[in-house]
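Notes follow once the structure below has been shown.
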Amino acid sequence: MSATDIADPKLQSLYSNEDKIVRLRRYKIACILSLIGTASGLQLDYLAYPQFIWPLATIRVTAIVLIFIIYKLASFDIGRTQLISLNLAWAIIVNGSISAMVYTTGGAVSPYYAGLNLVILAAGVLLPWTLAETLSICIATLLMYISICVLYALPKDQPLQWVALFSNCFFIFLTGLISSTSSYFTTQARIKDFNLRQELDVRNKELEDMDRQKSQFFSNISHELRTPLTLILSPIQDLLQQPEALSDRVSFLLRTARDNSLRLLKLVNDLLEVIKLEEGKRELELRTTDINGFLGSLVDSMTHLAEARGVSVEKRFSDKAAPVWADSYALERIFLNLLSNAIKFTSKGESITVSTAFEEERAKVIVADTGMGIKSEELPHIFDRFRQADGSSTRKHQGSGLGLALVKELTEQMGGTISIESQPNIGTTIIVSLPLRADDLQQIPPEPPQTDPAKTDDALDEIHQAAEHRAALPIDSPFEKFEAETPKGSGPSLMIVDDEPDMRQYLVSILEQDYRISQIRDGKRALEVAPKQLPDLMLLDLMLPEVDGLEICKQLKADPVTRKIKIILLTARSDEKAKITALENGADDFITKPFNRSEVEKRLENLIENSRLEKELRTKNQDLEETLAALKQTQLNLIQSEKLNALGKMAAGLLHEINNPLNYVIAALQMAQLEPEAESNEELKDNLSDIDEGIERIKNIVSDLHAFAHPSDVSKQLPFSISKAIEVARRFTAADCAGIAISCELEAEDTAMGSEGHIVQVLVNLLSNATKAINALEEERITEIRIRTSRSEDRIEVSISDNGIGMSKETLNRVFDPFFTTRDVGEGMGLGLSISHTIIQNHGGTLQVKSIENGGTTFRFDIPSGDNFIAKDIQGMTALS
C-alpha cells in the first residue's frame, strides 16, 4: 500500500510530500542508530574474537564512514530527491558490513548473523517503508547471508554447516515475515491516518466557513434589528414625555413596550459586540484614562438602581492618580456589566464595594458584593459565552450569558486580566487588572463614560445608554408590581404564575374585567398558594424560579384537592415534543409565545366552559350515588325488618308454649316445698332446691327471649345494663363457644341507652362470628375470645376480640356489605354484620373492625351511656318528693 492507493491525485501529492518528510526524519534516526551500534560493536569483537580484532575493526570503520557519507547526503537536495535510494543504500551498507563480519568469524556458525535480524526489524518497524520495499530488503539480506556462508566453506575445502545455516536462515525468514507484516499494517495505518486528517481539515474548513457565515448572519440580523428597535423606542419615548395626554392604561402599555424593547436592544448590542470581537473588528482606541474618575461617574449613575433594590454601594478609591491605558467604551461595558450583576444578585440590606488598588505596573479594580455567590463547580465556566451559573428552567434571574464573556474578552484585548472569587451565600469578588500608563502619572481630569463610537446621533446614544442601564434593573425590581396573591375582581378565579412582572401586568390588564386574578412570581410559592385558593384557572409559565411549570402541573394534577384546576402552560417552544410533554405532565392546554389577546381569552373561555360541564356531571353523579345508597339502605332495612319479624314471631310462639307448662311446674314445686316431709327429709330438700334453681334459669331464658322477640324501638331509647346484655348473648351462643376460653373485662358502671334486644342481637352476631373464625383454624393454638367494655365521657365502648383466622384486606373492605359472605353455600346469607352495622348506626354509634390475616379480629362499637337519663330521672323524683 502506497500513495498510489489514494484515489485523489491531489491527495496523492500531499501524501507523497508528507511521506518524504517522515522518511527523511526516520532515515536520519536509522543512520545515527547504525553509527552508534557499529562503533559500540568493537567491544563485542574484542571480547568474542580478539584474534580477528583488526579485520573486524577495518570492516566497522569502513561501514561508519560510508553511513556517515549517506547521512550527510540527506542534507542536500540531491539526497532528498533520491531518498528511497539512500534508504536502500543504508540497508546494503549495514547488511554488507555484517555479512563481512560473518565471513570473518566462521560463516554459518558465526553469531554475528543476529545483526541481520536487527536490520530487518529496523526496516519494518522503524523506517516508513512499503511492503514491497521491506520484502525486497528481506529477500536480499537472506540471499546475501546464504552466499557468504557458501563462499566461506568453498575455499577451505570443508563441509558446509547445513544445520546452522538452516537454523539461522529460518530465524532470518521469520524476522523478515514479522517486519513485512508490520510494514504493511504501519503503511495502512499511516494512509488511514492521513485520510482522516485530510477529512478533518476539510471539516474544520467547512466549520470555519459556517462559523464565518453564522457570525455574518448574526451581524446582519443584529444591525437589521437595531433599526426597527430604534424606530419603536424613539416614538415611545416621545409619547411618554407627554404623560398628561395619556391614560393610565395606555401609559402602562407604552412603558411595558419600552422596557422590553430596551431589553431586546441590550441583547442585540451584546450579540453584535461578541461578533465584532470574534472577527477582530472591534478596534479599541487606547488612551490614558483616569480609572478613579471614570468609575466614580459610572458608579454614581448606577446608585439609584442599587438604592431602589435596597442595596448600598460604597466607593473606596486610591488617593493616587490611576492613569490606565484603555478604551473608554470598553471600560464602560466592562464595569456596567459587573455592577449590573452585583446589583441583580445582591439582596435587600446587603452591600456592594467598588475599590481600586495598585500592584507594580498595574491598576486593580475590585467589585465585591455580599450576595448569593456562585458554586465552586461553576466558577471555571463563569466567563464562557452563553453560560450561566444557573442555566436550568427554574433559575431566578434571566439573562443571555454574554455579559461576563464580553467583560473577559474586552479586558484581555486591552492587555488586562480578570479573576473571580466566590462562595455561595457569602458573596462574590471580581478583580480587573489593567496596565498603568507609566509615562503619564500626573493627575488627569476624569473622563465620562463613552458610548459606542460607531453611534454618532445623540438621540440614538441616549436610547442605547438606556438599554444598557435597563439591563441592570433586577427582575424583581421594586419599580414593578410583582406580586398580588389575593384575588381581585369578579368572575371565575384565575391565578397567573410568571416571574416576569411585565408579562403578569400585561395579562392582568387584558383579563381583569372578566376574572378574579391573583399573581404569583415563582413556582414554589404557586404550589403553596394553589391548594389554599383553589383557583378555577391557572396561567402558568414554563420557566420559573424554584420549581418549573411542568413540575407544578405534575404535582397539582396528582393531588386530589387541586386536580380540578384548569392549567394553561405558557411556553416559548413550539415543537410537537414540547406540546406532548406539557400534556403528559397534566397541562389542560398550552399557548406558544408570542401570543395575541384573542387567543388567550378564547382558550380561557373554553376551559371555563369545560369546567362548568364537568362540575354539572360530577353533581349528577353525586346525586345518583346518593340515590343508590338510599335505595341500598332501604333494601337493608326491609331485610332486617323481615328477619326481625320472623324471629319475633318464632320467639313469641315459643314463649306461649313454654310459659304454660312452666307455670304448672312452678306451682307444683311451691306446693311440694310446703309439705312437712320436705322440711324433714334433707335429700328431698336438696333435690327440690336444685329443681328451683333450674326453673330460675329457665325463667331467665324466657325473659331473654321476650326481650329479643319484643325489642324496644330505637327511637324510644331506654337504659339497660350492657353487662346483662353480654351475659344474655353468651347464653345464646353457649353451645358454639364450648371449649373456647372467654374473658370479660367489664366496667362496673355500664348502663347504656338504647334497645337492649337490638344490642343483644349485635353481640350474638359478633360472638358467633368469633367462634366460627376460631373453629376455622387449621393449626393447634390456645383459643380465646376477649370481651371488654370501657367508658369515654357519655359513650360506652364494647369490643370483642378473637385469635382466629382473621380476614384479608379484600374481605375487610366488604365485610359490612349485604349478602357478602366467605362461608360455603347454606352456612349463612351474609346479612349478620350488615344488620349489626345498621343497628349501631341507628344508635348513633359506629361499628369498626380491625383484622390481621391468621392473626385474629377485633370488632368495636360504641353506644350512648344511660347516665344522663338516670340523673334526669332522679332529679324528677326529687322534684316530686
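The values are calculated or read from the model by the stated rules, or taken from the named source; none is laboratory data. Model, not experiment: these values are computed from the prediction. Quick reminder, even Gly has a Cβ in these numbers, built from the backbone with ideal geometry, and neighbours come from all protein chains shown. Surface areas here come from the heavy atoms of the whole protein model, side chains and all, with no ligands, DNA or RNA. Shrake-Rupley method; radii C 1.70, N 1.55, O 1.52, S 1.80 Å.
Let's see how each residue does on (1) closer than 17 Å to VAL432 by Cβ; (2) not small (Gly, Ala, Ser):
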residue	(1), (2)
LEU286	yes, yes
THR303	no, yes
TYR329	yes, yes
ALA357	yes, no
LYS364	yes, yes
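Looking at (1) surrounded by fewer than 15 Cβ atoms within 10 Å (Cβ to Cβ); (2) within 17 Å of GLY845 (Cβ to Cβ), which is the one condition that is false for ALA748?
Of the numbered conditions (1) surrounded by fewer than 15 Cβ atoms within 10 Å (Cβ to Cβ); (2) within 17 Å of GLY845 (Cβ to Cβ), the odd one out for ALA748 is (2).
Looking only at the stretch 80-139, which residues are charged (D, E, K, R) and free of Cβ contacts under 8 Å to residues at least 60 places away in the same chain?
If we filter the stretch 80-139 for residues that are charged (D, E, K, R), which is where we start, we get 80, 133.
Answer for the stretch 80-139, where residues must be charged (D, E, K, R) and free of Cβ contacts under 8 Å to residues at least 60 places away in the same chain: just GLU133.
Might you let me know whether the stretch 128-138 holds any residue that is out of contact with any Gly (no Cβ under 6 Å at 6 or more places or on another chain), open to solvent by less than 70 Å² (accessible area, probe 1.4 Å), over 30 Å from LYS10 (Cα atoms) and of a type in the set (Gly, Ala, Ser)?
The answer is no, given that none of the residues of the stretch 128-138 is out of contact with any Gly (no Cβ under 6 Å at 6 or more places or on another chain), open to solvent by less than 70 Å² (accessible area, probe 1.4 Å), over 30 Å from LYS10 (Cα atoms) and of a type in the set (Gly, Ala, Ser).
Which fully enclosed strands (runs of 3 or more DSSP E) of the stretch 467-524 have 3 or more residues being of a type outside the set (Gly, Ala, Ser), over 28 Å from LEU336 (Cβ atoms) and modelled with pLDDT under 85?
Once the strands (runs of 3 or more DSSP E) in the stretch 467-524 are filtered for at least 3 residues that are of a type outside the set (Gly, Ala, Ser), over 28 Å from LEU336 (Cβ atoms) and modelled with pLDDT under 85, what remains is 484-488.
Does ARG255 fit the bill of being surrounded by 15 or more Cβ atoms within 10 Å (Cβ to Cβ), farther than 25 Å from ARG333 by Cβ, at pLDDT 65 or above and charged (D, E, K, R)?
Yes: the conditions hold for ARG255.
Answer with yes or no whether LEU831 is modelled with pLDDT under 75 and open to solvent by 50 Å² or more (accessible area, probe 1.4 Å). Spell out the reasoning first.
Numbers: modelled with pLDDT under 75: yes; open to solvent by 50 Å² or more (accessible area, probe 1.4 Å): no.
No, not satisfied.
Here are some conditions: (1) among the charged types (D, E, K, R); (2) surrounded by 11 or more Cβ atoms within 10 Å (Cβ to Cβ); (3) modelled with pLDDT under 85. GLU208 meets all but one. Which one does it not meet?
(2)
Can you tell me which residue in the stretch 550-585 is nearest to the chain's Cα centre (by Cα), limited to those that are closer than 24 Å to VAL508 by Cα, among the aliphatic types (A, V, I, L, M) and outside any loop (DSSP other than H, G, I, E, B)?
Top of the filtered list is LEU550.
If you scan the stretch 302-336, which residues turn out to be of a type in the set (Val, Ile, Thr), assigned to a strand (DSSP E or B) and over 20 Å from THR411 (Cα atoms)?
The answer is VAL313, and nothing else.
Considering only the stretch 12-34, I want to know if a residue exists there that is assigned to a helix (DSSP H, G or I) and touching an Asp or Glu at 6+ places or on another chain (Cβ under 6 Å). If you could, list the steps in order and put the result at the bottom.
Applying the first criterion (assigned to a helix (DSSP H, G or I)) to the stretch 12-34 yields 12-34.
Filter once more, so that each one left must be touching an Asp or Glu at 6+ places or on another chain (Cβ under 6 Å): none.
No, the stretch 12-34 contains no residue that is assigned to a helix (DSSP H, G or I) and touching an Asp or Glu at 6+ places or on another chain (Cβ under 6 Å).
The rows are residues; the columns are (1) under 21 Å from LEU131 (Cβ atoms); (2) open to solvent by less than 60 Å² (accessible area, probe 1.4 Å).
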| position | (1), (2) |
| --- | --- |
| LEU154 | no, no |
| ASN168 | no, yes |
| THR186 | yes, yes |
| ALA189 | yes, yes |
| LEU200 | no, no |
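Would you confirm whether any residue within the stretch 321-335 is at pLDDT below 85 and surrounded by fewer than 15 Cβ atoms within 10 Å (Cβ to Cβ)?
Scanning the stretch 321-335, I find no residue that is at pLDDT below 85 and surrounded by fewer than 15 Cβ atoms within 10 Å (Cβ to Cβ), so the answer is no.
Looking at (1) out of contact with any Pro (no Cβ under 8 Å at 6 or more places or on another chain); (2) assigned to a loop (DSSP other than H, G, I, E, B); (3) open to solvent by 40 Å² or more (accessible area, probe 1.4 Å), which is the one condition that is false for VAL547?
Answer for VAL547: the failing condition is (3).
Just name the residue that is nearest to ALA306 (Cα to Cα) out of those in the stretch 333-375 that are of a type in the set (D, E, K, R) and in contact with a Pro (Cβ under 8 Å, 6 or more places away or on another chain).
The qualifying residue nearest to ALA306 (Cα to Cα) is LYS344.
What tally of residues in the stretch 525-544 results from selecting those that are open to solvent by 20 Å² or more (accessible area, probe 1.4 Å) and not in a loop (DSSP other than H, G, I, E, B)?
Step one: filter the stretch 525-544 for residues open to solvent by 20 Å² or more (accessible area, probe 1.4 Å), giving 525, 527-528, 531-534, 536, 542-543.
So of that shortlist, the ones also not in a loop (DSSP other than H, G, I, E, B) come out as 525, 527-528, 531-533.
Here the count works out to 6.
For the stretch 38-63, which residues satisfy the criterion of being within 19 Å of LEU88 (Cβ to Cβ) and open to solvent by less than 50 Å² (accessible area, probe 1.4 Å)?
THR38, ALA63, listed by residue number.
Acidic (Asp, Glu) and either within 27 Å of SER180 (Cβ to Cβ) or part of a loop (DSSP other than H, G, I, E, B) (or both) - does that describe any residue in the stretch 63-77?
no
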